[in-house]
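Trainee: The structure's right below; bear with me while I get my questions together.
Values quoted throughout were computed directly from the atomic coordinates according to the rules given, and no laboratory measurement underlies them. Note that the coordinates shown come from a computational prediction; the quantities given were computed from them, not determined experimentally. Cβ placement follows ideal geometry from the backbone for every residue including glycine, while neighbour counts extend to all protein chains displayed.
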Amino acid sequence: MEGLSHKAESPPRGQEAAVTAVEARGVTKVFGGGNDAVIALDAVSIAIRENEFFTLLGPSGCGKTTLLRLIAGFDHPTGGNIVLYGEDISPLPPYKRPVNTVFQNYALFPHMTVAENIGFGLSMLGRPKAEIDDTVDAMLRLVRMEELKNRRTSQISGGQQQRVALARALAPRPKVLLLDEPLSALDFKLRKEMQIELKRLQHETGITFIFVTHDQEEALTMSDRLAVMSQGRILQVGSPREIYDHPADHFVADFIGETNFIDAEIQQVEADAVTIRLPSEKTVRTPLPEDFQPRKQVSLAVRPEHADLTRQPAEGQLSGTLENVVYFGTGTNYFVRLPDGSEFVVRVANRGEGNGDYRVGDELGIAFSANAIQLLRD
Amino acid sequence: MRNGVLGNRQPSGLEIEARRQTVRNYLLLCTPALLLLLLAASGPLLIVVVYSFLEPGEYSGVVWRFSGEAWFNVLFSRDIFDDTVSLADAHLTILWRSVRLSLLTTLLAFLLGFPTAYFIATRPASQRPMWLFLITIPFWTNLLIRTFAIMEVIRNEGILNTLLQALGLIDSPIQILYTDTAVTIGMVYVYLPLMVLPLYAAMERLDFRLVEAGYDLYASRWQVLRKVIIPLVKPGIVAGTILVFVPSLGAYVTPRVLGGGKNMMLGNLIELQFGQGRNWPLGAALSMTLLVIVAIALAYYVRSASKSDAND
Ligand SMILES: Nc1ncnc2c1ncn2[C@@H]1O[C@H](COP(=O)(O)OP(=O)(O)O)[C@@H](O)[C@H]1O
Ligand SMILES: [Mg+2]
């Protein structure tokens, strides 16, 4: 197991001097009224830094699109403010916000050519024609679409439309680019290509990207930081590593990757750490997650790949009966039934030298370091 | 580039045969409709053409003798005493008034109909049938009765003038009835649904995310309207303006009731020839003139509309 440093992840470039680009301050959005009222966002507060690739991750219906639409200005918050570089932009219409959107279905203008689509924003801003032409050419080069300049948008493929949508949104050089599940309509291979392309574009343009996805793998591989959302709330914000290795609550741990949940008891509470007793009677000290409400019974999360199997259960180790072995190429999942009836999965990476010869029915010990244990908020 | 290669590709024999087969099937399926059109539209039209080249009967109808007199009379008039030929001023005035009022009607119907259609198209899907239903209510009543209702509103002792006087906005009634204004009001009222319905059909298909994309890309409301909405609903605008302009040009009930006897339009003039005028050939020639004007105007309009579409 690699050394897992707790919460001291190296910050994304230049965090010390990080300027906040977009901020949501206690933003609430309610759709409808009376009995049909839907609380799409519930007092959401979040600060997105300049130049970062920030992802909003969450299951469908959790309010990601709503938050983007509030930032773009298509909808207005029921409560709270949207702040752009310190200025409250909540009352501004979309055309007065230096923010552009890449729509989920691209929303390219069908009555215009590729070049006209890309130049639209600048021409609405009243820029001189020469400048528009130059920028359009530069954008076409940036997204590698030079040859299709004069095509109608109905005459190009989905992946190409995606590039045009990106170029169109980037051409006016917005302060922030909003991307609402831009890759969800693409097939697997194209999606992988576009993920790399998006990272490149963000790097080359230096524009702050706010990217929405419900795909956890996409979020982990692409983001500088991400926010995990559920039911109109933001549950945790952090780097992919912080979120994956140290999920703050049950939902985050469950939604991202696979997790074993263990019930435990708190023995002693200190300022920023607690001592907990595992079901195996062993006690460990672990840091507290944010907003932790001290109580006796708690849940712990341990990632399957952060645990290991041992032949002889040592003193204080969890142990159980091996029930199932699933081999999947890069590794093997061992399903161990614990004495309390719960199941614990241990994932062992395939190192090419043959794994310890465990058989269904064996009594095995489960080993993990204190660092692998994440105390959950709920 | 790939497109160019495909564009020049020669279809194979099999493809040509398949295409022929398709065309044959289409023709077969079209036959009943074509027959109906031929009998119901071309038949009467042919009769009108033939009548326009005959001599008028003494009381009505035609005498089966060839004559170009009716066509001559469309544009010129011959003095009954000294046979001098001059332009038929009355006809030209009526033609000009018809075209002018029809254009005005179309413009006003568009200015009123566009926001109306937009309003309906932006209602929640569940409410739209109700609004459309309201739009079609006037169709339930006979045109003549509706026209008399308008008359009741605008005449000197009518609702409008009474109201304005009661509010102290005017001292004496405004003469609206029996003016071109009255005819225009009446025609806009009558033909408005014909503008709203095709506009609505186009707007309902409009992807409102494109409107949002326009706003997102710094277009103001006015710019979104001009650069995004209007180009996208253009087929509806073309259909609506044709549906209003063409019947306006031939309208005769509304101009007759609201315009009185004096503010005649082409429709009234034609009707007059078949009625009191007892000059069927002239009526037929005037009808054909109207038809040709409409056909030319439409051909020109549709062509320029699709041309500017390609330039956009
Ligand atoms: N215009 C709207 N009217 C009513 N409810 C809405 C509207 N837009 C979104 N919602 C509701 O708000 C919640 C969040 O939606 P959304 O932001 O689209 O979620 P996501 O993008 O994460 O899938 C959902 O329950 C959705 O049904
Ligand atoms: Mg969404």
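Trainee: Mind jotting down the distance between the C-alpha centroids of the stretch B:136-151 and the stretch A:298-327, whole Å?
Mentor: Their Cα centres are 84 Å away from one another.
Trainee: Would you mind calculating the gained length between B:I145 and B:I293 on full extension (0.36 nm times residue separation, minus the Cα-Cα distance), in nm to one decimal?
Mentor: Length gained between B:I145 and B:I293: 50.3 nm.
Trainee: While we're on this one: With a sphere of radius 9 Å drawn around the Cβ of A:G63, what net charge do the other residues whose Cβ falls strictly inside it have (Lys, Arg +1; Asp, Glu -1)?
Mentor: For residues surrounding A:G63, the net value is +2.
Trainee: Suppose every K and R has +1 on its Cβ and every D and E has -1 on its Cβ; what is the size of the dipole of the protein assembly as shown about the Cα centre, in Debye to the nearest 20?
Mentor: 2120
Trainee: Quick check on the exposure proxy: order B:V48, B:V257 from fewest to most C-beta atoms within 10 angstrom. Please list the in-between numbers first.
Mentor: Working: B:V48 17, B:V257 20.
Placing the least packed residue first, the sequence is B:V48, B:V257.
Trainee: List B:K227, A:K96 from most exposed to least, where exposure is judged by having the fewest other Cβ atoms within 10 Å. Spell out each step's value before the answer.
Mentor: Working: B:K227 21, A:K96 13.
With the fewest neighbours first, B:K227, A:K96 line up as A:K96, B:K227.
Trainee: Moving on. Evaluate the relative contact order of the stretch B:88-311 (contact order divided by residue number), counting alpha-carbon pairs under 8 angstrom at least 6 apart; express in whole percent.
Mentor: 26
Trainee: Using label points projected 7 Å from each Cα along Cα→Cβ, tell me how many nm separate B:D171 and A:R152, to one decimal.
Mentor: Using points 7 Å along Cα→Cβ, the separation is 6.2 nm.
Trainee: Let me ask something additional. Enumerate the lysines that A:K199 could reach by cross-link, defined here as Cα to Cα under 24 Å, with residues fewer than 8 away along the same chain left out.
Mentor: Excluding near neighbours in sequence, the set is A:K64, A:K149, A:K175, A:K189.
Trainee: Pick from B:R205, B:R123, B:R20 the residue whose mean-square fluctuation is largest in a GNM of chain B, springs joining Cα atoms under 10 Å.
Mentor: Ranking B:R205, B:R123, B:R20 by mean-square fluctuation puts B:R20 first.
Trainee: Given Cα pairs under 8 Å that are at least 6 residues apart, what percent is the relative contact order of chain A?
Mentor: 15
Trainee: Which of the aspartates and glutamates could a cross-linker span from A:K96 if the Cα-Cα distance has to be under 16 Å and same-chain partners fewer than 8 positions apart are dropped?
Mentor: Partners within reach: A:D75, A:E87, A:D88, B:E212, B:D216.
Trainee: Still on this structure, please answer the following. For the stretch A:208-272 and the stretch A:117-159, what is the separation of their Cα centres, given in Å?
Mentor: Cα centroid of the stretch A:208-272 versus Cα centroid of the stretch A:117-159: 39 Å apart.
Trainee: Whole Å is fine, so just give me how far the alpha carbon centre of the stretch B:16-87 lies from that of the stretch A:57-96.
Mentor: Computed from Cα coordinates, the inter-centre distance equals 65 Å.
Trainee: Would you list which aspartates and glutamates come within 16 Å of B:K234, measuring only between C-alpha atoms, while excluding same-chain residues fewer than 8 positions from it?
Mentor: B:E204, B:D207, B:D309, B:D312
Trainee: Here's something else I'd like to know. Assuming R0 = 22 Å, can you tell me the calculated FRET efficiency for the pair A:T310 and A:R277, based on Cβ-Cβ distance, to the nearest 0.05?
Mentor: Computed FRET efficiency for A:T310 and A:R277 comes out at 0.60.
Trainee: So, one more: What's the average, rounded to a whole number, of partner chain beta-carbon atoms within 10 Å of each residue's beta-carbon in B:220-229?
Mentor: Details: counts 4, 2, 0, 4, 2, 0, 0, 7, 4, 0.
Neighbouring Cβ atoms belonging to other protein chains average 2 per residue here.
Trainee: What residue among A:Q202, A:Q268, A:Q162 has the largest mean-square fluctuation in a Gaussian network model of chain A, using Cα springs under 10 Å?
Mentor: Maximum fluctuation in the GNM of chain A, among the listed residues, is at A:Q268.
Trainee: Among A:E218, A:E353, which comes first, second and so on when ranked by fewest other beta-carbon atoms within 10 Å?
Mentor: Fewest to most other Cβ atoms nearby, the residues stand as A:E353, A:E218.
Trainee: Answer rounded, prolate or oblate for the stretch B:98-238, using the Cα gyration tensor with square roots of eigenvalues a ≥ b ≥ c: rounded when a/c is under 1.5, else prolate when a/b is larger than b/c, else oblate.
Mentor: In terms of gyration-tensor shape, prolate.
Trainee: OK, next. Determine the sum of side-chain charges near A:L122: Lys and Arg each +1, Asp and Glu each -1, restricted to other residues whose C-beta is under 15 angstrom from that of A:L122.
Mentor: Neighbourhood net charge equals -1.
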